[in-house]
Amino acid sequence: MGATTMLAEYALPITMVVALLVGIFSGYPVAFLLGGLGILFAFIGDIPVAFLGTVGSRIFGGVIENWLLIAIPLFVFMGLMLESSGVARNLLMTLQRLFGRVHGGLAVSVALLGVVMAASTGIIGASVVMLGLLALPVMLGQGYKPEMACGVIAASGTLGILIPPSIMLVLMGSILQISVGALFKAALVPGLLLGALYVAYLLITAKLHPDWAPLPDQKLLGTDKTPLALALLRDLFGPMVLIVAVLGSIMTGIATPTEAAAIGAGGSLLLALVMGGLSFSTLRNTLRDTSRTSAMILFVVIGATCFSVVFKRLGGDYLIEDVITGTGLGPYGLLLLLMGLIFVLGFFLEWIEISFVVLPLVAPVVEVLDFGMGLSGQGLLVWFAILVAINLQTSFLTPPFGYALFYLKGITAGQISIGTIYRSILPFVGLQLAGLSLCILFPSLVLWLPGLMP
């Protein structure tokens, strides 16, 4: 199909996408933008009023009544409550003692803490702010290069969007109609792989440039007289029990993701109580922030549902299929094209919009591709979903709208320029793309654990 013919045939869906991009850059709230454009183009496209009833049915039947989505506020509550429990602060100090005699040891401690908290919380904003408040002043005080300090904090804080329990994976499971438990199993090894790449990069960089990551004052490491092994056990025990309770119950099939989220929410309350971080004020603030975050996600989901239903009715799904298949690329060529498209969209859109607008359109195309792995459609979708999740993790770090960068900028009190923060994330974006490439080249990194624990 020629370009002119395609423009004429798909004028409305193309205009709909352009209007969405213009609206996003104008700063209009995305949830209302998506829903408003869906309704507006339904009238422009002369869609029958009766069809609009299916939009309401999809919203109530597919979103409001979806029991799986109840896991979202529960996981949000768990993450925000753990932020107030004092677990992270104690664990960071203990990890610094463990790596205190190694150049870059504090940066490695931050990366490892990011992995542990990612498996406990999954809330990006909370993780980045928490790591920044805890570690950034200490790292700068020890003479760390600002780019190295900011980069590891921002990158480690975003691991929670991939390492389960992840809100992104819950939503992807709902969108693609695949098992959230399978997605959690599939994401675990890639998430740990990214953490390992961060640690390796930090150790190598600190070895080559010791002045970028000086050794800490050894006197400061001796303030806690508890034996190191006991301190590690003390500070790791609570988070590890919570992680095992939540992820273990899902992976062994004992609990559904929603039931496991309830276990996590209750466990975070208990852990905060044990750590002395639970008070009426803390509980009130956590419930308020949970309501705000959950409401934001729900409104985006409702708006995106309206947008996607109308977009498909106007022929948008055929537009996407024609554009993708018209390239003449093979399965891996199409996969790389889609990964490149999602990476670029991550510069400008949030992961929620990309997930709800793009995934339903490209999933039917991916599901029928033959990558020579002998996978069924569902297995392919699990692999593809994890590749997209790794890809979307970069959207939190890539300018101009990388949210982790703005979270970090907000807590620096003007000490560090936004240019320095932008430069700091370049090597970590490269590491994330390296991890994505490894998962494309070696699908077993994603599919090994789901195959081991079906």
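Once the trypsin sites (Lys or Arg not before Pro) in DSSP loops with at most 11 neighbouring Cβ atoms within 10 Å are cut out of the chain, the longest remaining piece is 226-454. Find which of 173, 245, 31 sits farthest along the positive direction of the dipole of the chain, computed with +1 on the beta-carbon of Lys and Arg, -1 on that of Asp and Glu, about the Cα centre. Towards the positive end, the residue furthest out is 245. The apolar share of the surface of the stretch 96-158, taken as the fraction of accessible area on carbon and sulfur atoms (1.4 Å probe, ligands and nucleic acids excluded), comes to 68 percent. Ligands, DNA and RNA aside, residue 344 has an accessible area near 80 Å² when probed at 1.4 Å. Candidates 21, 102, 356 compared by Cα position along the dipole of the chain: farthest toward the positive end lies 102, with charges placed on Cβ.
Take every Cα pair under 8 Å whose residues are at least 6 apart in sequence, average their separation, divide by the length of the stretch 339-454, and the relative contact order is 28 percent. Magnitude of the charge dipole for the chain, about its Cα centre and with charges confined to Cβ atoms of Lys, Arg (+1) and Asp, Glu (-1), is about 1260 debye. For the stretch 178-276, the carbon plus sulfur part of the accessible surface works out to 76%, probe radius 1.4 Å.
Taking chymotrypsin sites (Phe, Trp or Tyr not before Pro) across the stretch 312-370, the ones in a DSSP loop with at most 14 further Cβ atoms lying within 10 angstrom of their Cβ are 347. Sorting 383, 212 on solvent-accessible area from highest to lowest, probe radius 1.4 Å, gives 212, 383. Averaging the sequence gap over all C-alpha pairs within less than 8 Å and six or more residues apart, then dividing by the number of residues, gives the chain a relative contact order of 26 percent.
With mean projected area of the Cα convex hull in nm² in mind, check (i) 20.3; (ii) 22.6; (iii) 26.6 and report the label derived from this structure. Matching the structure shown: (ii). The charge dipole of the stretch 320-432, taken about its Cα centre with unit charges on the Cβ atoms of Lys, Arg (+1), Asp and Glu (-1) only, comes to about 540 debye. Only lysine pairs 8 or more places apart or on separate chains count here, and in the chain those with Cα atoms under 27 Å apart total 4. In this Cβ point-charge picture (+1 for Lys and Arg, -1 for Asp and Glu), the stretch 190-302 has a dipole of about 160 debye about its Cα centre. Computed from phi, the 3J(HN,Hα) profile of the stretch 86-92 under the Karplus parametrisation 6.51, -1.76, 1.60 (θ = phi - 60°) reads x, 4, 5, 4, 5, 5, 4 Hz, with x in place of Gly and Pro.
Calculated accessible area for the chain comes out at 42 Å² per residue, all protein chains present (probe 1.4 Å; ligands, DNA, RNA ignored). Relative to the longest principal axis of the Cα atoms of the chain, the long axis of helix 316-325 lies at roughly 80 degrees.
The values are calculated or read from the model by the stated rules, or taken from the named source; none is laboratory data. A quick note: this is a predicted structure, and the numbers were derived from the prediction, not measured. Using ideal geometry, Cβ is built from the backbone for each residue, glycine included, and neighbour counts are taken over all protein chains shown. Side chains included, ligands, DNA and RNA excluded: accessible areas come from the protein's heavy atoms. Shrake-Rupley method; radii C 1.70, N 1.55, O 1.52, S 1.80 Å.
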